[in-house]
Amino acid sequence: MAEDKFDRGTALTIFGTDRHEDMVALILSLVIALLVYLYV
Amino acid sequence: MVYTKRTPWTLIMGLIMVAYAYLVQSGALEAVIKYLGTGRNAGEMVMLGYIFGGIAVLTGLWQLIAKTAEGHVDYYLSTIGGVTFIMLIAFIVKWGLDPQMAEWGKAAQPALGFNFAGVMNLNYVVMGILAGIVIVNVFKVPDWAANGVRLSRLGLKTGVILLGTLYSFAELAQLGQLSVALIGVFVLGSVGLVLWWGSRKNLPNSMTGVLSAGVGVCGVSAAVAAAPVVQAKSTEIAYTIGTILMFGVICMFVFPIVGKALGMGYITFGAWAGTGILNSAQVAGAALAFQPNGIETLKVAEIFNITRVLFLPIIVIWLAIWYVKREVGAQKVDIGQVLISKFPLFVLGFLMLFLLSSTGIFAPARHYQGAYFDNSDKVMIKKDRSGKEVNNYLKDPDLAVLKQEGEKVKRDDQKAALQRLVENKKLMSIDDDDTLRGVVNAKIMSKEGNAVLTKAHRAVRHTAAKIAMFRDLIAWFFTFGLVGLGMQITMASIRQAGGQPLVIGSVVGVIKAVGSLIVVMLLVHETI
């Protein structure tokens, strides 16, 4: 069903794999942590 | 495939957000904000309104004007409409429905005899998920928002990683052993129970295997991670996810009600939710529903939840061996390879930020949940925004009240702490502070006396600004993720949780929930 609607990722995520999603979450979190560390 | 839809809605939502931020900033909505009691969120309303509204306006214009072509730019920019949609619902729920429901709950209390908003946990978390469920099942998620909704799990994972900043070694050392023991018993126990029962009922090994991981470890992610190990079919994964989500949704609503009815504290409830609820997102939902205005319950629940996730590799190995043994002629599974490829990286991210936080870069290393003790002159004598000096030492009238009421204090340790406070005009140690908090809680002194002690307490207890910022960010990431999660709970996915997998999953889930409730009530205390 998901495959019909999206040709990338699944119905639950836009990323191709869980590992890819984890990696994006990791990078996003580290960037946020760096910004908070520097500016707050 | 081109994902960008030529819709005016992204632009319209962006304009609404910017207009709202402007109205708050200009003071035009002061009466409404005062009525709802959301004044402390005004800064947040302005900042988030301009940021998300601005991005949505620019993207909305681009969607209407530019020619789109298949590719990465089209794909990733097409998520912004959905993200804006979720955030708009989160704004309405958090800054409108939530405080309004609290007001209605209070207003109806005399007639009903109880505060229905409090009892039913009708806060922004629950209402956000409900809003998502209503939208997907009654109105359907618009096509232009579908890609953004698929980012909700990313929001939850980012929130979990950032949660690492709130922990320090001292805290985990207190909860660590208990969480490992509790989780170990219940995770391994429920996996074993599902495997045994599924075999007795002659369910396919792949179905039983994937269901056991889902019910035992961390819900949807575990089911998906375990699927290749037991070579599960997509329909079996769908059945398992349907079962987990349906059971989890019920738990998310029932757990906070039971917790409040039993008078559980933040730590006991967090431990129970983290152990008994199947899916990570719903653990967060239940914890936030139990304590919507703080994060202590969520933190404890997440420690247990993370401990549970850490059991995934053990379960994966167990299932691999179990499956290979049962399936004669099943393809050989490379256990090492499965471990390396399936271990959730976001858990490593959580651990990384936890280690960084423990070094003291976000708050003094001795901080406890971002709060720390400091009675140096640097913080006792400060300058306010206008540059005027503010002295936080106790003044003569304060000391007179304490001297006058000192006789009411009978315990030696309390007397000594009070004596030191009077002599130094400030609290001299964490122990003294804790001891005198006991005096306040026991209402030994008059209202005036307690007010002076509380003033002295506030002068030496501080919350790290960085940790406070992390708390706000985490709450928003979870709100975003949970509203999006609600939009993925369709009646079809709930109906899929039928038949024997539903029965086995639900019974084992209930056993786990009730068993962990009993054990938590017996073993876990509000000691930290």
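Every read-out reported here was derived from the displayed coordinates using simple, explicitly stated rules and does not represent laboratory data. Note that the structure is predicted; figures quoted are calculated from it, not measured. Cβ atoms come from the backbone with ideal geometry, glycine included; neighbour counts cover every protein chain shown.
Taking the Cβ of B:TRP95 as the center, what net charge do the other residues with Cβ under 15 Å away carry, scoring Lys and Arg +1 and Asp and Glu -1? Please list the in-between numbers first.
Details: positive: B:LYS34, B:ARG40, B:LYS94; negative: B:GLU30, B:GLU44, B:ASP98, B:GLU103, B:ASP472.
Around B:TRP95, the charge tally is -2.
Compute the Cα gyration tensor for chain B, then decide on rounded, prolate or oblate, letting a ≥ b ≥ c be the square roots of its eigenvalues: rounded whenever a/c is under 1.5, prolate when a/b is larger than b/c in the other cases, and oblate in all that remain. Each step should come with its number before you reach the end.
Numbers: a/c = 2.01, a/b = 1.35, b/c = 1.49.
Because a/c hits 1.5 or more and a/b fails to exceed b/c, chain B counts as oblate.
Can you order the peptides B:511-518, B:264-271 by their average number of other Cβ atoms within 10 Å per residue, highest first?
Details: B:511-518: 18.1, B:264-271: 24.2.
Most protected by this proxy first, the peptides run B:264-271, B:511-518.
Give me the one-decimal nm value for the distance between modelled label points at B:ASP431 and B:VAL507, 7 Å along each residue's Cα-to-Cβ direction.
5.6
Kindly provide the Kirkwood hydrodynamic radius of segment B:62-211 in Å, to one decimal, from all pairs of distinct alpha carbon atoms. Write out the running numbers ahead of the final one.
Values: mean 1/r = 0.0491 Å⁻¹.
Kirkwood hydrodynamic radius for segment B:62-211: 20.4 Å.
How much length, in nm to one decimal, is gained on full extension between B:TRP104 and B:VAL138, taken as 0.36 nm per residue of separation minus their Cα-Cα distance?
Values: separation 34, 0.36 × 34 = 12.24 nm, distance 2.53 nm.
Extra length available between B:TRP104 and B:VAL138 comes to 9.7 nm.
Once you sort the root eigenvalues of the Cα gyration tensor of segment B:1-152 as a ≥ b ≥ c, which label holds: rounded (a/c under 1.5), prolate (a/b larger than b/c) or oblate (the other case)?
Working: a/c = 3.47, a/b = 1.70, b/c = 2.04.
Oblate is the answer for segment B:1-152, as a/c is 1.5 or above yet b/c matches or exceeds a/b.
Helix B:430-441: angle to the longest alpha-carbon principal axis of chain B, degrees 0 to 90, nearest 10?
Computed tilt is about 90 degrees.
Per residue of the protein assembly as shown, what 222 nm ellipticity follows from adding -39500 (n - 2.57) for every DSSP H run with n ≥ 4, rounded to the nearest 500? Spell out each step's value before the answer.
Working: 30 runs with 399 residues, N = 568.
Computed mean residue ellipticity for the protein assembly as shown: -22500 deg cm²/dmol.
Hey, what angle do you get for helix B:9-26 against the long axis of chain B, alpha-carbon based, 0 to 90 degrees rounded to 10?
0
Bin all alpha-carbon pair distances of the protein assembly as shown at 20 Å intervals from 0 and give each bin's fraction as a whole percent.
Result, from short to long distances: 19, 50, 26, 5, 0 percent.
What are the ³J(HN,Hα) couplings of segment B:205-212, residue after residue, when phi is run through the Karplus curve with 6.51, -1.76, 1.60 and θ = phi - 60°? Round to Hz, x for glycine and proline.
Computed from phi, the couplings for segment B:205-212 are 4, 5, 5, 4, x, 5, 5, 4 Hz.
In the protein assembly as shown, if the dipole is taken from +1 on Lys/Arg beta carbons and -1 on Asp/Glu beta carbons about the Cα centre, which of B:MET469, B:PRO110, A:HIS20 is farthest to the positive end?
Farthest along the dipole direction, towards plus: B:PRO110.
Is any residue of segment B:1-34 close enough, with backbone N under 20 Å, to a label point placed 7 angstrom from the Cα of B:ALA69 along the Cα-Cβ axis, and if so, which?
Under cut-off, by backbone N: B:1-6.
Working from Cα positions, state the angle (0 to 90°, nearest 10) between the long axis of helix B:42-65 and the longest principal axis of chain B.
30
What distance in nm lies between label points placed 7 Å from Cα along the C-beta direction at B:THR463 and B:LEU61?
Inter-label distance under the simple model: 3.8 nm.
Report the label-to-label distance for B:ARG6 and B:PHE116 in nanometres (one decimal), using points 7 Å from each Cα along the Cα→Cβ vector.
That separation, rounded to one decimal, is 4.7 nm.
Count, for each residue of B:146-156, the Cβ atoms from other chains sitting within 10 Å of its Cβ, then give me the mean as a whole number. Don't skip to the end; give the middle numbers.
Values: counts 4, 4, 1, 3, 11, 5, 2, 7, 8, 2, 1.
Taking the mean over all residues of the peptide, I get 4.
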